[in-house]
Amino acid sequence: MSGMRSWLARRLLLGIAQTAAVVLLVFALTEALPGDAAVALAGDQPDPERIAAIRESMGLDRPVHQRLLDWTGGLLHGDLGTSLASGRPVATYIADGFGPTLLLATLTMVLLVPLGTGLGVLAARHEGKPADRLVSSVTLGLYAVPEFALGVLLITVFAIRLGWLPPTAVGYGTDLLAHPAALVLPVLVLLSRPVCTLARLVRAGMIDALASPYVAQARRYGVPGARVRYTHALPNAVTPATQQLARTLDWLLSGVIVVEALFVIPGLGTVLINAVAERDLPVVQGLAVVFGALTVVLNIGADLVAHRFAPRTEVAA
């Protein structure tokens, strides 16, 4: 138990250091962007006095180190800054876009875990047979299709030609759960690549687990085949996939820009696109910090799951 606590403490300290590094990197990169936000906000024919006033109101006339201290101090108090374009708090933008993105991420993960795991186990159980070759071929081919190309294909077939589903989420606002038909095509696109990766990882892990000594020992004890597969082999087979699941969830929560833009979904990806177009640096900075912190937290969670499952390799007599 003490070893587990020591490992957890080290991992949390590393996570804090990683988050601090993300904050510094985000500030440095936004400072290095070309152009001047004050000039962009001043209009097509900016007046030097107006530019100076905007720079003063934005705090751009202060030294870089002072602005960094003020910004990080605000972050520590939960203040992500204020939008340059609208004057609204950055946290409000994130809150508005978080709902649709979280909904898409949740639906995708709910379908991804059983589907990817099931396909991986099916392929492993029939290693080298037609079922294995079919799953491997389909996942390899589907993974090679870019999300935007698959999205355009699905819209063309199911929305335009067949008319079964709406092509975009225009007119539905942020309450997408009340219009489930608008979620079908985006979720299918979001599932396409992660399910291929997860299925192939589970297949490889399951094949190794089924060939391991502890599984052979369980079979010698007369443990039923289903229990061997799902109680002893599967937990160890999915351990390598936990990191991939964390990366997938991070990718989903960070706003899938292509999918949200293609289906006109007002999520975090759309918020980021609009902020970049308007050169709204506080919103871009706030989103980048939130995305980075989510990445750190999700990877810590994945490490905990992997640490929990990894030692379970023995079979009781």
- Tabulated pairs, region 278-292, first under 14 Å from Ile257 (Cβ atoms), second among the aromatic types (Phe, Trp, Tyr), C-beta under 9 angstrom, 6+ apart or interchain: Leu287/Tyr93
- Item | Restricting region 143-170 to residues that are outside any helix (DSSP H, G or I) and more than 26 Å from the chain's Cα centre (by Cα), the residue that is nearest to Thr248 (Cα to Cα) | Trp164
- region 80-100: number of residues that are in a loop (DSSP other than H, G, I, E, B), free of Cβ contacts under 8 Å to residues at least 12 places away in the same chain and not small (Gly, Ala, Ser): 1
- Note on the structure: Considering region 64-116, residues that are of a type in the set (Ser, Thr, Tyr) and more than 21 Å from Ala261 (Cβ to Cβ), and then whichever is modelled with the highest pLDDT, we arrive at Thr92
- Quick one: which helices (runs of 4 or more DSSP H) sit completely within region 202-317 and have at least 3 residues that are modelled with pLDDT of 80 or more, outside the structural domain of Glu31 (by TED's automatic domain parsing) and crowded, with 19+ Cβ neighbours inside 10 Å? 257-262, 268-277, 281-309
- Task: Could you please tell me which pairs satisfy a Cβ distance under 8 Å, a separation of 6+ or placement on different chains, a first residue in region 232-252 that is closer than 15 Å to Pro194 by Cβ, and a second residue that is of a type in the set (Phe, Trp, Tyr)?
- Result: Val238/Phe309; Thr242/Phe309; Asp250/Phe291
- Which residue out of Leu188, Leu140 is of a type outside the set (Val, Ile, Thr), under 21 Å from Ala261 (Cβ atoms), assigned by TED's automatic domain parsing to the domain that holds Arg247 and part of a helix (DSSP H, G or I)? Leu188
- Message: Exactly one condition in (1) within 14 Å of the chain's Cα centre (by Cα); (2) more than 20 Å from Ser192 (Cα to Cα) is false for Thr72; which is it?
- Response: (1)
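The values are calculated or read from the model by the stated rules, or taken from the named source; none is laboratory data. Everything numeric in this text was worked out from a predicted model, so none of it was measured. All Cβ positions, even for glycine, are placed from backbone atoms using ideal geometry, and neighbour counts span all protein chains on display.
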